[in-house]
1. Could you work out how far helix 203-218 tilts from the main Cα principal axis of the chain, as a 0 to 90 degree angle to the nearest 10?
2. What does the charge count near I113 come to, summing +1 for each Lys or Arg and -1 for each Asp or Glu among other residues with Cβ under 13 Å from its Cβ?
3. For the chain, take the longest principal axis of its alpha carbons; what is the angle in degrees between that and the long axis of helix 146-157, to the nearest 10 within 0 to 90?
4. What is the fewest-to-most order of V222, V168 by other Cβ atoms lying within 10 Å of their Cβ?
5. Once the other residues with Cβ under 13 Å from the Cβ of I225 are scored (Lys, Arg +1; Asp, Glu -1), what is the net sum?
6. Please go through the residue pairs K116/K192; K16/K99; K61/K99 and name each one whose alpha carbons sit more than 20 Å apart in this structure.
7. Apply 1/(1 + (r/R0)^6) to the Cβ-Cβ distance of S56 and K207, taking R0 = 45 Å, and write down the FRET efficiency to the nearest 0.05.
8. For every other residue with a beta carbon closer than 10 angstrom to the beta carbon of I63, add +1 if it is Lys or Arg and -1 if Asp or Glu, then tell me the sum.
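Read the figures in this text as sums done on the coordinates, not as results from a lab. Note that this is a predicted model, so its numbers are computed, not measured. Because the Cβ atoms are built from the backbone with ideal geometry, glycine has one as well, and the counts that use them run over all protein chains shown.
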Amino acid sequence: MQTVIKDIPQEYLALKINYCRMQLEMLPTVRLQSHSISGVATRKLVVGNHKYNADSPAGEKYIKLLHKRADVERQLRLYESIWNCKYIGDPLPVCEPHKVIRSLYIDTGKRVILDKNYFDSLKNDANTKYAKPMDYPFDGILYRSAAEREIAIFYTEMGIPFKYEPEVYIKGIVGPIFPDFVPYIEELDTCKFHEHFGMKDSSSYLKITKIKYCNYTDAGLVPEIDILFTHDVEEIPFDIRTLATKLNNSVYTTMIGTKHLAG
C-alpha cells in the first residue's frame, strides 16, 4: 500500500480511519504470555480475566484475533499519519462505515446483493476467450495493457481486494461477461464494477463500449456509482488519479445515499 496511498482522497481516507477505529472497538485485547515450566516453553493467550493455551482451539482463535488487531492498528497509524499531514481536525464523522445494499439483476426478477458473499463467489482471472500478452505481469496475473496493470497496482496498494476479469452473469446477456475489475469495498461491504476502455481510435471498440454501458444499466447498475468507467484515448491519456477521484465519488455517494438505511 505504499506508493499511491498518500494520494487517497479525503472522504475515502476518513472512511478508512473510521472503519479501523470501529474494528478496534469490536476486537478483543489479547496478550501473549510466554514462560518456561521445567524447561518446557509454553504460551498462553490472556483475554480479560481468562487464559487459554496457545495450542488449544480457543487459543488458536485468539492468536488470529491478536494478529488481526495488530494489522488494523498498523493500518490506522498509517491512515492517521496521512490525515494529520494533509488535513486539520478529526476525520469526517459523516464518513461512517456501514453495510450497503446494492444489487445486480442476473435475470428478470432475480437479483443478487453485491456483498462479500458475491465477491467471494467470483473466480479471479476467468476470461480465457482471448490470449493475453506477456508484457504486463503483476502479482502472478498477466494484464492486457500497461494501464490495466497500473489499475491492479492501485487497488493493491490501496488495500482494496479485487477480482480481475471474473465470470459474471447479468440480465439480458446469454452466457457470462468478464468485467475488467470488480473491487470490493470492505468498509461498506459492497462491490463495484470497473471497465477500462483502452483501445484508441477504433469505431468498433467504441460500439462495444456503448453496448457494455447499456448492458450494465439494464442490469440495474448505476453508472459512476455501481460501475466506474475509465478511458485511455490519444487526446486524454489515462491517469491513475482519475480513478482515485472516481472511486472516491462512487464510495462517498453510496455511503451518504444509504446511511439512513444502516442499522
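1. 60 degrees
2. Residues close to I113 contribute a combined charge of +1.
3. 20 degrees
4. Ordered by Cβ neighbours within 10 Å, fewest first: V222, V168.
5. Once all neighbours under 13 Å are counted, the net charge is +1.
6. In this structure, K61/K99 lie more than 20 Å apart at Cα.
7. Rounded to the nearest 0.05, the efficiency is 0.15.
8. +2
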